[in-house]
Amino acid sequence: MQIMKFVLPDSVQKVAEALETAGYEAYVIGGCVRDILLGETPKDWDLTTNATPQEIQAVFPDSFYENDFGTVGVKTRDEDETLAVIEVTPYRKEGNYSDARRPDTVEFGVSLDEDLKRRDFTVNAIAYRPKTGEFVDQHGGQEDLKKRLIRAVGEPKRRFEEDALRMMRAIRLSAELDFAIESETAVAMHATAENLGKISKERIRDELMRILATKEPMAALSIALKLGLLKYIVPDLERGIGIDQNQAHSYDVFEHNVRAMQHAADKGWSVDLRLAALFHDIAKPESRRWSEEKKDWTFHGHEVVGSRVAKKALEELRFPKETVEKVAKLVRWHMFFSDPDQITLSAVRRIIVNVGVENIQELLNLRICDRIGTGRPKEQPFRLRKYMAMVDEAMRDPINVGMLKVNGNDLMTEVGEKPGPRVGWILHALLEEVLEDPQKNTREYLLEKSRILSSMETAALKDMGEAGKGAQEEAEEAELSKIKAKHKVD
Ligand code: ATP
Ligand code: MG
């Protein structure tokens, strides 16, 4: 038996002590033990004990018990949110699994040995008792941590037949920890892959999100494909396998999508963007036509069909509506024309309206992922910075007389000016003052000032108006150079 004292967070230590003082055993267990042994900070803390849920609640009056698995949430009032609730679960022994999802029966309080046997992977089945510093590791978890292996506890095939979600957990953990899946475990996953079809979409979605959020989602999806699991996760993706693209691409459609997604992960971009990258060319297979003229494949309209396919696939996985809409939009507009030397401001405005101003940066990032995913080495950040400068330019309010709190009509009705060029000159003279001091842009001040200007002779007023126009142009230019400086373009 191995004894080694770990410094645990105060709250964890206290919960364990309270249980031991009340005469029960308390072990820290599962992912948090694995994480400490790896030198990482656990995301949550689990304890296991020989006390029943009722006995646990008697020790911790400030606790809640709202499930069928025996897990009691103990409130610690710790400021660290990973420690605010510590989950304490009685040792559990599980009965038969007849639906590949959940045990038919759960028994509490049998023994730690039984509890360790029901756990999914050896690295998750190490227990540590704070009171004594004792490690209980009956399935070789520490050995596998050293070898960096995900290995099922017990007989792998049986374990996956019990609960098929464990297969996704294996892939997710291997991606999170950068561990390999031990070969017998992998063989069993391949053999029982079909059972994943019985798992609820919500649970699959949660694991998929976590896979995408890791640093190596490409490796994880490749394993899922190899083991025959991918078709139960995102079936649409497999359609791109073996579909060659045009000469600009080094990879088939599947690999291109996956590589684009991996680039989003490399950049640390959002999971939404990773999803959009994964789906962006999903409909290329059905949109592919041979062009005699180009002697190459074309994919007209694949972004329109692809957007629908992505939407349906994500809805099936019960993704939140906002995610579905956002990904569908990004896929729909990923072919946007982006040459900053040729595009007009009004075209940029249309893209902004289509994809939404809140998504425009991600649309550009998707373009970067798309490029990198073809196997072309460069991101071309310069062109995209130029494009972003155009976006800012298209979005800002122009500097002109329209921004004044009075208009030509006011000058005629309130001040008595006659229609004609004098109205324009007065407005430009007002604009010059407002540019100088924006505080002056009030109706009262401008009307008063207009009366003075209105009493002036035409020649003098014309000079003032033209000076105002000059000031307007200068101000415009200054704004544009600010935008360009911000995006480091000229
Ligand atoms: P993380 O907290 O990083 O997701 P974790 O390993 O702690 O990883 P949890 O979902 O918090 O995962 O589960 C806690 C522990 O419960 C696991 O370490 C494992 O021992 C056990 N466990 C969770 N899900 C299963 C399952 N489907 N089958 C068997 N054991 C499981
Ligand atoms: Mg955990």
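The values are calculated or read from the model by the stated rules, or taken from the named source; none is laboratory data. Since the structure is predicted, the reported quantities are computational estimates derived from the model, not experimental observations. For neighbour counting, all protein chains shown are included, and Cβ atoms are generated from backbone atoms with ideal geometry for every residue, glycine included.
Being buried (at least 18 other Cβ atoms within 10 Å of the Cβ), within 16 Å of ligand 2 (Cβ to nearest atom) and modelled with pLDDT of 95 or more is the requirement here; does L173 meet it?
yes
Taking the condition in contact with a His (Cβ under 7 Å, 6 or more places away or on another chain) and over 30 Å from I368 (Cα atoms), does G424 pass?
no
Can you report the number of residues in region 152-180 which are in contact with a strand residue (DSSP E or B) (Cβ under 9 Å, 6 or more places away or on another chain) and either assigned by TED's automatic domain parsing to the domain that holds D99 or more than 14 Å from ligand 1 (Cβ to nearest atom) (or both)?
Within region 152-180, residues that are in contact with a strand residue (DSSP E or B) (Cβ under 9 Å, 6 or more places away or on another chain) and either assigned by TED's automatic domain parsing to the domain that holds D99 or more than 14 Å from ligand 1 (Cβ to nearest atom) (or both) number 1.
Which ones in region 313-323 are in a helix (DSSP H, G or I), surrounded by fewer than 20 Cβ atoms within 10 Å (Cβ to Cβ) and either in contact (Cβ under 8 Å) with a residue 12 or more places away in the chain or among the small types (G, A, S) (or both)?
Passing the criteria: E316, T323.
Do the conditions hold for V136, that is, is it over 22 Å from R172 (Cα atoms) and either in the same structural domain as A191 (by TED's automatic domain parsing) or within 16 Å of ligand 1 (Cβ to nearest atom) (or both)?
Yes: the conditions hold for V136.
Output yes when any residue across region 188-204 is within 24 Å of T41 (Cβ to Cβ), within 12 Å of ligand 1 (Cβ to nearest atom) and in a helix (DSSP H, G or I), and no when none is.
The answer is no; no qualifying residue exists.
Give the residue that is farthest from L330 (Cα to Cα), with candidates limited to residues of region 269-311 that are assigned to a helix (DSSP H, G or I) and of a type in the set (S, T, Y).
S287
Can you tell which of A394, A429 is crowded, with 17+ Cβ neighbours inside 10 Å and modelled with pLDDT under 90?
Within the list A394, A429, the selection yields A394.
Just one of the numbered conditions (1) surrounded by fewer than 21 Cβ atoms within 10 Å (Cβ to Cβ); (2) under 26 Å from A220 (Cα atoms); (3) of a type in the set (D, E, K, R) is not true of D341; which one?
(2)
Filter region 146-161 down to the residues that are crowded, with 21+ Cβ neighbours inside 10 Å and either assigned to a helix (DSSP H, G or I) or basic (K, R) (or both) and list them by number.
R151, P156, R159, F160
Name the pairs: first residue in region 209-231 and outside any loop (DSSP other than H, G, I, E, B), second residue at pLDDT below 95, Cβ to Cβ under 7 Å, at least 6 apart or on different chains?
Taking only residues 6 or more apart or on different chains, the pairs are L230/L237; L230/E238; K231/E238.
Which fully enclosed helices (runs of 4 or more DSSP H) of region 1-116 have 2 or more residues being at pLDDT 95 or above and more than 30 Å from the chain's Cα centre (by Cα)?
Result: 10-21, 53-59.
Note down all Cβ pairs under 6 Å where the first residue falls in region 162-184 and is in a loop (DSSP other than H, G, I, E, B), the second is within 16 Å of ligand 2 (Cβ to nearest atom) and at pLDDT below 95, and they're at least six residues apart or on different chains.
Cβ pairs passing all conditions: none.
Here are some residues: D10, D35, D44. Which one is within 15 Å of ligand 1 (Cβ to nearest atom), in contact (Cβ under 8 Å) with a residue 40 or more places away in the chain and either touching a Pro at 6+ places or on another chain (Cβ under 6 Å) or within 11 Å of L83 (Cα to Cα) (or both)?
Answer to the selection: D44.
Tally the residues that are more than 16 Å from ligand 1 (Cβ to nearest atom), in contact with an Asp or Glu (Cβ under 9 Å, 6 or more places away or on another chain) and among the hydroxyl-bearing types (S, T, Y), restricting the search to region 13-32.
1
Take G140 and decide whether it is modelled with pLDDT of 95 or more and at positive phi.
Yes: the conditions hold for G140.
Taking the condition among the polar types (S, T, N, Q) and either in contact with a strand residue (DSSP E or B) (Cβ under 6 Å, 6 or more places away or on another chain) or within 15 Å of ligand 1 (Cβ to nearest atom) (or both), does N50 pass?
Against the criterion (among the polar types (S, T, N, Q) and either in contact with a strand residue (DSSP E or B) (Cβ under 6 Å, 6 or more places away or on another chain) or within 15 Å of ligand 1 (Cβ to nearest atom) (or both)), N50 does not qualify.
Return the pair list, or none, for Cβ contacts closer than 7 Å from residues in region 429-444 that are touching a residue at least 12 places away in the same chain (Cβ under 8 Å) and closer than 13 Å to K405 by Cα to residues that are surrounded by fewer than 17 Cβ atoms within 10 Å (Cβ to Cβ) and among the charged types (D, E, K, R), at least 6 apart or on different chains.
Between residues of region 429-444 that are touching a residue at least 12 places away in the same chain (Cβ under 8 Å) and closer than 13 Å to K405 by Cα and residues that are surrounded by fewer than 17 Cβ atoms within 10 Å (Cβ to Cβ) and among the charged types (D, E, K, R), the close pairs are E433/K440; V434/K440; N441/K405; T442/K405; R443/K405.
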